[in-house]
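Below is a structure I'd like to ask you about.
None of the figures in this text is laboratory data; all of them are computed from the coordinates on show. Quick caveat: nothing in here was measured; it's all calculated off a predicted structure. For neighbour counting, all protein chains shown are included, and Cβ atoms are generated from backbone atoms with ideal geometry for every residue, glycine included.
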Amino acid sequence: MPKQACLICNNRIKYVENAKLAFHEIREGLICNCWHSSWHERALVYNVIALIGVGPDIYKGCELDFSHPILGIGDSFRVQAALASKFSYTNTFLDQFPQLNLEDNFKIPARFEVVTCSDVLEHVFDFEKSIMGLSNLVREMGWLIIRVPSNPDSRHIEHYSGIQSYKKAEDGSITWEDSNGRFHHEKSPVFHGGDANTLETRVVGIHKLITELKKWI
């Protein structure tokens with residue numbers, strides 16, 4: 001199999017045998033031997049620069065270009081480093097500093113040419129409001145790139161319908177409150193994310209996602 005250069009670090013990619021990788025590394029695809037970037041990280045960087053009309057050689061000596069404001073939400077540190085090294089790029093998170101609450105960002109005046117949203121929408125409480133919040137960040141004729149675990153069904157699989165807040169116990173269980181003020185207990189909630197400590201609230205229905213995007217973008 002021919003080798004190729006990593007778009008993020010420009011080193012030759014070494015195809016590591018899957019048997020030597022942890023499950024999450026296998027899921028992410030071929031790992032770069034230098035920065036250990038995954039396939040989806042390189043694809044995200046490639047798509048961003050393709051959308052703004054910059055060729056992959058941007059990482060081979062081009063100067064900083066501040067004419068393309070880019071906002072990341074939940075991007076990995078490798079993606080952050082690659083984009084921030086060449087563009088006016090800022091990364092935020094759903095649950096840690098620098099934090100961006102998609103459900104309450106409607107006073108933000110900034111409009112970005114590209115907004116990336118990486119593995120975030122399966123964690124938000126109010127999906128529809130979060131999509132509206134995302135659309136508020138993208139300027140006219142801009143681009144929104146969303147990566148999210150999904151299923152082909154039209155509806156979401158909601159784990160905690162109407163969730164407003166939750167509290168995690170020492171045993172890993174949670175007590176959560178719904179929109180009617182009722183409290184519920186879940187013994188085996190699913191947590192993952194960048195710090196493996198972010199509650200998964202749903203499995204996203206791909207058709208539902210597309211329907212919501214069409215309303216606002």
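Taking only C-alpha pairs under 8 Å that are 6+ residues apart, what is the relative contact order of the range 103-193 in percent?
Once divided by the residue count of the range 103-193, the mean separation gives 23 percent.
Neighbour counts of other C-beta atoms within 10 Å: give me Cys117, Cys9, Cys32 arranged from fewest to most.
Cys9, Cys117, Cys32
How much net charge surrounds Gln164 when only the other residues with a Cβ under 14 Å from the Cβ of Gln164 are counted, with Lys and Arg +1 and Asp and Glu -1?
My count for the surroundings of Gln164 gives -3.
Additional query: Please list, in chain and number order, the residues 5+ apart from Leu144 or on another chain whose amide H is under 5 Å from its amide H, with Hs placed from the backbone.
Val115
Fewest Cβ neighbours within 10 Å first, please rank Arg182, Arg139, Arg147 accordingly. Don't skip to the answer; put the middle values down first.
On the way: Arg182 9, Arg139 13, Arg147 17.
Neighbour counts put them in this order, fewest first: Arg182, Arg139, Arg147.
Sorting Thr92, Thr175, Thr201 on the 10 Å Cβ count, fewest up front, what's the list? Show your work: numbers first, answer last.
Values: Thr92 19, Thr175 13, Thr201 24.
Sorted ascending by nearby Cβ count, the order is Thr175, Thr92, Thr201.
Hey, can you grab everything whose amide H is under 5 Å from the amide H of Gly72? Only 5+ residues off in sequence or another chain; H modelled, so Pro and N-termini drop out.
Thr90, Asn91, Thr92, Thr116
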